[in-house]
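The structure appears right after this line, and notes come after that.
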Amino acid sequence: MTDILLTLISAALINNLVLHWPLGVDPLLRSQRPAPATRRQVHALGLATTCLMLLCGVSGHVLYQALLVPLQLTSLKLLVFLPLCALLVSPLLKLLARALPQLPFDHLWPLLLGNAGVLGLLLLDAQGTQGVVHAAALGLGSGLGFWLVLSLFNDLRQRILDNDVPLPFRGLPVDLISAGLMAVAFLGFNGLIKT
C-alpha cells in the first residue's frame, strides 16, 4: 500500500510528466489562444486527461503484459499504444459529457489525441513490471499532476495578462519562462520522498 501511495505522489509532484519530463506541454503552450481559458475549460481538460491516463495506463499495462510480452513482440509496443490512446478518446469524452454536462468537453479531442503525456506514460510503465495496481497509480498520479500544473499555469497566465510585460517577452517567451520557473518550484518536492 505504501508503494502505491509513493507512486501516486511521485507521479503527481516529483516526476511530473509536464515539468520533469517535457511531455504533454502542448495544452499548456497553445500558440493560438483567442481568449484565456476559463476555469471550467481547464478543469474539463484536466479531468479528461486524468481519466484518459488512468484508462490508458491500466489497459496498456494489461495489453503489454498479457499480449506483447508472452508473444515476444515488445518492440511493437508503440504500434499498440498509439491506437489504444486514439480509440479511448472519443468514448471517454462522450461518457464524461454525459456524466458531467456542466463542463465543456466539446472540443477537447484534438488536445487529448495529440497529448504526448499519455503515450509517454504508457512507455514509462512498459519499462517496469510492478503490476496493474502500480500502473493505475502511475496513471492516476500523472493525470492529477497534469491537472495541477494545468490549473496553476492557467492562474499564472491570468496574472501575467494584467502585468506590463516587455514586448519581446509577450506570448510564448513569457509562457516558457513561467513554465521553467514552475519546474524549478516543483524541484523542491524532490526531498519529499526518501528511499
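Tabulated data
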read-out	value
Among Leu79, Leu150, Leu181, residue whose mean-square fluctuation peaks in a GNM of the chain (springs only between Cα atoms under 10 Å)	Leu79
Inter-label distance for Leu152 and Val165, nm, one decimal - labels placed 7 Å from Cα along Cα-to-Cβ	1.8
Low-density loop positions, trypsin sites (Lys or Arg not before Pro), the stretch 36-129 - DSSP coil, at most 16 other Cβ in 10 Å	none
Cα-only radius of gyration and Dmax that characterise the chain, units Å	17.4, 59
Residue with peak Gaussian network fluctuation, the chain [Cα springs, cutoff 10 Å], from Pro27, Pro168, Pro104	Pro168
Helical mean residue ellipticity (222 nm; -39500 (n - 2.57) per DSSP H run of 4+; nearest 500) of the chain	-20500 deg cm²/dmol
Efficiency of FRET from Cβ geometry, Gln72 and Arg40, R₀ 35 Å, rounded to 0.05	0.15
Candidates Asp175, Asp164, Asp125: whichever shows maximal mean-square fluctuation once the chain is modelled as a Gaussian network with Cα springs under 10 Å	Asp164
Qualifying chymotrypsin sites (Phe, Trp or Tyr not before Pro) for the stretch 145-195 [loop in DSSP, other Cβ within 10 Å: at most 11]	none
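We did not get these values from a lab; they are worked out from the coordinates using the rules stated. Source: prediction; values computed, not measured. Using ideal geometry, Cβ is built from the backbone for each residue, glycine included, and neighbour counts are taken over all protein chains shown.
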